[in-house]
Every structure is written in structure tokens, then in C-alpha cells.
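**Student:** One structure is given below, represented as C-alpha cells, and several questions about it will come after.
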Amino acid sequence: MRNGKLTAAAIAASMGLLLSACGGGSADEEGFSAPVADNPSFEDGTTMAEYADSGEITIGVKKDQPLFGLENLNGEMEGFDVAIGEIIAGKLGIPADAINWKETPSKNRELYLEQGKVDMVVATYTINDKRAERVSFAGPYYEAGQDLMVKQSNDSITGPESLRDSEAKVCSARGSTPSERIREYIDNSRLVLFDTYSKCADALRNGQAQAVTTDNSILMGLVSENENQFKVVGETFSEEPYGVGIVKGDVDFCEFINDSLRTAAENGTYQEAWNSTAGEVSEKTPELPELRSCS
């Protein structure tokens, strides 16, 4: 995994992030436009045929994560997760303006899929065994790593080990993988949980917490939006493969998504999606990770 200390200055030359919310419309039209298949044909009875015939799809996303899932001031969606969602929808023949974006907090991702509130989830959604008991994953389409964000003036927190003998409180999102992993370094009384990471940034700003932990991609977006206030410290201490969550057991749809991602990487669409979103603050364009088999 990537490692090393990241400050606000380093952010502008280092990695990236992206998006989420309810409603149609996307802000990627100026910088990125996913190809849309012309009258694609799918086997009757498949999930692909259902969405293609309806001409629309509901995608669960975040709306408070700069560079990956963000609803901008115009109410439009933007970010890498959004672009990935548009790529998959485009292969179904569904244009960006026919996508319904549904805000999907970390704690509700499995629930929303199970309840049919969303058709798929592209929301910095780490693939792990526990979640795979309830949903299926396509991908991964990106790999991040867990890190810590502190105030720019904080020199006492240098990584997760430095938390053990401190009294620092750490904020994360309910239901997230990082909120569980950080318990190895702090007890529950020092863990502050909110539904969104934007609230964690507020907690860090007002002193309710002394650190925020989640994937480095999300933290870098928060740093970039709060110039000279926060910094990312220490080395990444996990591997976080982001996958596309779908209804449990839909192997055909999983394989379709993997094929869509593979094709996007081969024809350059994946790279274009990154460069027009997270790539605006990143020097390196990531390669599509090795795709996992569908089951």
C-alpha cells in the first residue's frame, strides 16, 4: 500500500477522490462523458435486460466525499465513484441523465440493496467477507488504504500506534470498515461515530475529536477542501479494495460489471474517468486492480 506522510501541500501532488446523492444529473458532463451503448441486447430475464428495458437505474453513492462522491452546489453529482457508475450504466444503454443517484451512508449500503432501494452501490465500498455474506461485489475498481487525519497543528498523533497511550478521540463513520479496524488502537469510549465524514471533519475542527480515520482517498479530499486546516499523517495501515455492491447472488450482473470495467480500462475510459475527477489532484493514474471472480 501507499505510505508516507501527506500534508495539504502534498495532496495537490499525490492521490485523489470522488461522489454521491439523490436525484438525476451529473456534473461530469464537462470533464467526463461515459460512452452509452446504442440499443444493447441482453438475455431475457437478466438484470441487465431489466435495467436496459426500463431505461433507468438507481445507484447508491456518497454525497459528502470530495473527488469520489460529492453533490455540488448546483445539486449535481461528481467524482470517481459517480463516473464508474456512469460507465456501467452506459454499457446498459442508460445515459447519465437517466441515473437516479441515491445517497447511501456507509451503515445502510447492505440494507439498501436488500430492500431494493438501490440497484447497485458505488460508494467507496470496501469489499470484505462480512459484507459479502449479505451482498455480492463486482470489481474492485480502485484500491485505497486506511489513514489518519488531524489538525495541521497536531504533531502528537503520527499514526495508529501513537493513539494507544493518548487520550485522543477518533472519529469515523458508522458501519464503516475503518471504524472497526481503529478499535485495535483505542477503546470504544474514545471512538466518535457519525453517519458522514463531513461531520467528522466538523468534529475535528471544533475539538470534539482529535483525529479522523477512514480511507486515504476520502481523507485527501477532506484535506483539499479545508486548505491549511488538516493533514494526513503516518502510513496507511490497511488495504481497502473498492467494489460495486449488488444484490446477493446475481452472478450474471456481477460478470457484466466486471466486463464493463475491463473494457473501460482497455479503451481508456477508466483513465479518462480518473483524470477528470480524482486525477485533478493526483500525479499518478491508477491501474484497474485485478478483478475478483463472481460468485
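The values are calculated or read from the model by the stated rules, or taken from the named source; none is laboratory data. These numbers were taken from a predicted model, which means no experiment stands behind them. Neighbour counts run over all protein chains shown; Cβ positions are idealised from the backbone, glycine included.
**Student:** I want to confirm something. Restricting to region 175-233 and keeping residues that are without any contact (Cβ under 8 Å) to a residue 40 or more places away in the chain and either at positive phi or in contact with a Lys or Arg (Cβ under 6 Å, 6 or more places away or on another chain) (or both), which single residue is surrounded by the fewest Cβ atoms within 10 Å (Cβ to Cβ)?
**Tutor:** G207
**Student:** Also, quick follow-up: Could you say which residue among E30, E56 is at pLDDT 95 or above, surrounded by fewer than 21 Cβ atoms within 10 Å (Cβ to Cβ) and among the acidic types (D, E)?
**Tutor:** E56
**Student:** What's the total number of residues in region 109-154 that are of a type in the set (K, R), in contact (Cβ under 8 Å) with a residue 12 or more places away in the chain and either within 18 Å of C294 (Cβ to Cβ) or surrounded by fewer than 22 Cβ atoms within 10 Å (Cβ to Cβ) (or both)?
**Tutor:** Residues meeting the conditions: 4.
**Student:** I've got another one for you. Residue by residue through region 246-280, note down the ones that are under 23 Å from E133 (Cβ atoms) and touching a helix residue (DSSP H, G or I) at 6+ places or on another chain (Cβ under 6 Å).
**Tutor:** I246, V247, D250, F253, F256, I257
**Student:** Among the residues of region 276-295, which ones are touching a residue at least 12 places away in the same chain (Cβ under 8 Å) and hydroxyl-bearing (S, T, Y)?
**Tutor:** Across region 276-295, the qualifying residues are S276, T277, S282, T285, S295.
**Student:** Kindly indicate whether E239 is within 30 Å of A201 (Cβ to Cβ), acidic (D, E) and under 18 Å from the mean Cα position of the chain (by Cα).
**Tutor:** So E239 fits the description; yes.
**Student:** Can you confirm whether I157 is assigned to a loop (DSSP other than H, G, I, E, B) and either of a type in the set (A, V, I, L, M, F, W, C) or surrounded by 22 or more Cβ atoms within 10 Å (Cβ to Cβ) (or both)?
**Tutor:** It is true that I157 is assigned to a loop (DSSP other than H, G, I, E, B) and either of a type in the set (A, V, I, L, M, F, W, C) or surrounded by 22 or more Cβ atoms within 10 Å (Cβ to Cβ) (or both).
**Student:** Continuing with the same structure: How many of the residues in region 189-198 are at pLDDT below 95 and over 16 Å from V223 (Cβ atoms)?
**Tutor:** So the answer is 2.
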